[in-house]
Amino acid sequence: MTNLLLSASFAERFTLNFIKEDRWKYIVDGLGVTLTITIFAVIIGIVLGMLVAIVRSTYEKTGKLWLFDKICRVYLTVIRGTPVVVQLLIIYFIIFGSVKIDKIVVAIIAFGINSGAYVAEIFRAGIMSIDNGQFEAGRSLGFNYAQTMFYIVMPQAFKNVLPALGNELIVLLKETSVSGYIALQDLTKGGDIIRSRTFDAFFPLIAVALIYLTIVMILTKLVELLERRLRNSDH
Amino acid sequence: MNIAKKILITVLAAFTLLSVASCSSSEDANTLVMATNAYFPPYEYYENDKVVGIDPDIMEAICADLGMTLKIEDMEFDSIITAVQSGKADIGVAGMTVTEDRLLSVSFTDPYTTAKQVIIVTEDSPIATPDDLAGKTIGVQTGTTGDIVITGDYEDEGLATVERYNKGNEAVLALTQGKIDAVVIDNEPAKVFVETNEGLKILETEYITEEYAIAVNKENTELLEKLNASLAKLKESGKLDEIIGNYIKAE
């Protein structure tokens with residue numbers, strides 16, 4: 001390996017892996033797919049997670065929505081109890097068994113549903129961390145339960161769980177790397193395809209790793225900025 | 001006579017001791033690690049929790065000849081050459097076609113069999129010749145000859161969409177579910193897939209003919225020579241045809 005790095009063939013191997021036959025396109029197109037899946041899955045995950053968290057914490061606080069709470073519990077158990085790659089294959093080969101469907105949509109649904117389960121527990125922790133006095137204050141101001149939840153409790157909860165949410169976003173981005181299992185050409189699969197053509201492990205794998213790392217660093221920074229912004233409103 | 005016998009026995013005993021000693025000192029040298037992708041019947045597939053098929057049988061016969069122990073490692077097809085190149089495996093045997101690109105990274109033994117690339121479609125498919133693949137979605141296994149050829153002939157020309165599955169059976173499953181229009185894969189696995197899935201057929205026109213060989217690390221010329229010598233013996237004795245005949249019925 002050191003030999004490879006030091007020798008003049010470094011440039012040659014770079015050319016072979018990325019320039020020849022426009023192989024860089026596998027990486028760029030793959031990155032586009034990875035980002036598309038991640039962005040839409042995050043949106044589904046947050047909406048789904050928020051709904052589940054509200055149902056669960058409402059049940060815990062008031063004993064209402066008993067049936068919905070049971071359904072949510074089953075959802076959480078099943079999704080958190082099975083690997084995401086298995087869920088992805090089930091959704092592709094079984095649930096959409098004989099349907100011609102865009103695989104990006106399949107992946108977005110699979111990762112969205114998966115992420116929703118984790119986001120739900122993050123949000124529930126956030127809601128439960130808000131003092132009951134906030135609820136009482138909301139109710140005494142004439143808000144009903146739903147209004148109290150949306151205008152008073154959720155904004156505070158969101159701020160508390162932001163670091164955990166940022167973490168989930170990072171995990172989700174990296175988990176999409178199993179999309180290749182349903183023949184979707186995401187970033188990881190793009191690298192794999194180059195590897196299957198050039199038989200060089202170094203360049204494709206390191207390039208893919210660096211791209212993931214860069215995106216995660218950008219995301220971390222963005223979450224940090226958002227955190228600081230929200231903290232300003234404390235005063 | 002007696003003395004000659006004694007000497008012979010002593011020498012044999014010494015050799016045995018030596019070989020045992022060399023065995024224990026470098027166990028690795030006597031184990032031949034074979035990288036393969038066991039989703040490629042009848043060349044390699046799982047049966048009773050064991051990888052079996054033409055390739056494992058051939059390698060068992062070669063190892064018996066060379067006095068080595070075979071160890072099979074199942075991995076993704078596109079990782080096999082990298083594994084051989086980096087020394088993670090001694091050889092790659094996976095119904096692997098000798099291609100110029102692969103020869104840049106590894107050496108190949110003499111070919112042990114020939115194979116064809118064929119097109120699998122559903123029975124009611126309008127696709128009748130390779131030309132009909134234009135405008136269709138074609139499933140392949142990542143990194144296989146089918147993938148390389150279809151990518152070059154159809155995707156790069158903007159003629160068709162290629163979907164690359166990790167395993168051949170997954171591409172076939174997608175075909176039976178109507179997700180893709182055709183699968184391009186090696187003839188023998190194609191036969192098995194068509195037999196086990198209803199409503200599929202193999203097009204008469206074969207796509208391309210190729211030769212399978214064993215991939216060996218470029219620096220390991222000694223192993224390459226040994227394998228070639230052993231392979232020649234198997235061919236001569238008819239053992240090779242016998243192994244292949246066990247799995248592939250003559251048409």
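Measuring max minus min along each principal axis, the C-alpha atoms of the range B:95-158 give extents of 41, 25, 17 Å (largest first). The mean number of Cβ atoms from other chains found within 10 Å of a Cβ in peptide B:157-165 is 2, as a whole number. Remark: relative contact order (the range B:116-210) = 48 percent; criterion is Cα-Cα distance under 8 angstrom and separation of 6 or more residues. For B:L32, the residues whose modelled amide H falls within less than 5 Å of its own, excluding neighbours fewer than 5 places apart on the same chain, are B:T69, B:L70, B:K71. Over all pairs of different C-alpha atoms in the range B:30-138, the reciprocal of the mean inverse distance, the Kirkwood hydrodynamic radius, equals 15.8 Å.
Close amide H contacts of B:A160 (hydrogens built in the peptide plane, cut-off under 5 Å, sequence separation of 5 or more or a different chain): B:G135, B:E155.
The alpha carbon radius of gyration of the range B:62-119, expressed as a multiple of 2.2 N^0.38 Å, is 1.23. Extent of chain B along its three principal axes (Cα atoms, max minus min coordinate, largest first): 81, 35, 31 Å. In this structure, the amide hydrogen of B:M75, modeled 1.01 Å from its nitrogen in the peptide plane, lies closer than 5 angstrom to those of B:T36, B:N37, B:A38, counting only residues at least 5 positions away or on a different chain. Per residue of B:77-83, other chain Cβ atoms within 10 Å of the residue Cβ number 5 on average. Counting Cβ atoms of other protein chains within 10 Å of each residue's Cβ and taking the mean over peptide A:192-205 gives 6. Altogether, the Stokes-Einstein calculation at 20 °C and 1.002 mPa s, with the Kirkwood radius of the range B:116-210 over Cα pairs as Rh, returns a diffusion coefficient of 169 µm²/s. Working from Cα pairs under 8 Å separated by at least six residues, relative contact order for chain A is 29 percent. To one decimal place, what orientation-averaged projected area in nm² is obtained for the convex hull of the Cα set of the range A:21-232? Approximately 14.0 nm², given one-decimal rounding.
For the range A:1-144, the C-alpha radius of gyration sits at 1.59 times the compact-globule guess of 2.2 N^0.38 Å, with N the residue count.
DSSP beta bridges confined to the protein assembly as shown are antiparallel in about 60 percent of cases. Of all lysines in the structure, the ones whose alpha carbon falls short of 28 Å from that of B:K249, not counting any fewer than 8 places away in one chain, are B:K50, B:K71, B:K116, B:K167, B:K191, B:K201, B:K233, B:K235, B:K239.
Lysine pairs in the range A:21-232 whose alpha-carbon atoms fall under 21 angstrom of each other, counting only those eight or more residues apart or on distinct chains, come to 10.
Ranked by the mean number of other Cβ atoms within 10 Å of their residues, highest first, the peptides B:63-69, A:163-169, A:63-69 fall in the order A:163-169, B:63-69, A:63-69.
Roughly what % of DSSP beta bridges within chain B run antiparallel, to the nearest 5? If I count the DSSP bridges inside chain B, around 60 percent turn out antiparallel. Here the range A:144-226 is treated as a Stokes sphere of Kirkwood radius computed over C-alpha pairs; at 10 °C and 1.306 mPa s its diffusion coefficient rounds to 104 µm²/s.
Equivalent ellipsoid of the protein assembly as shown: semi-axes from √(5λ) of the C-alpha gyration tensor, largest first, are 54, 28, 23 Å. What does the convex hull of the Cα atoms of the range B:187-241 come to per residue, in Å³, rounded to a whole number? So the per-residue hull volume is 131 Å³.
Listed values for the range B:233-239 are Karplus-derived 3J(HN,Hα) couplings in whole Hz (6.51 cos²θ - 1.76 cosθ + 1.60, θ = phi - 60°), namely 4, 4, 5, 5, 6, x, 5, and x replaces Gly and Pro.
Where both bridge residues fall in the range B:96-222, DSSP classifies roughly 70% of the beta bridges as antiparallel. Residue-wise HN-Hα couplings along the range A:167-178, as the Karplus relation 6.51 cos²θ - 1.76 cosθ + 1.60 with θ = phi - 60° gives them from phi, are 4, 4, 4, 5, 4, 4, 3, 6, 5, 5, 5, 8 Hz; Gly and Pro carry x.
Anisotropy class assigned to the range A:9-59 is prolate, per the alpha carbon gyration tensor with a/c at or over the 1.5 cut-off and a/b larger than b/c.
Since every read-out is calculated from the coordinates, none of them should be taken as a lab result. Just so it is clear, the model here is predicted, and its values are computed rather than measured. Glycine also receives a Cβ, built like all others from the backbone with ideal geometry; neighbour counts cover every protein chain displayed.
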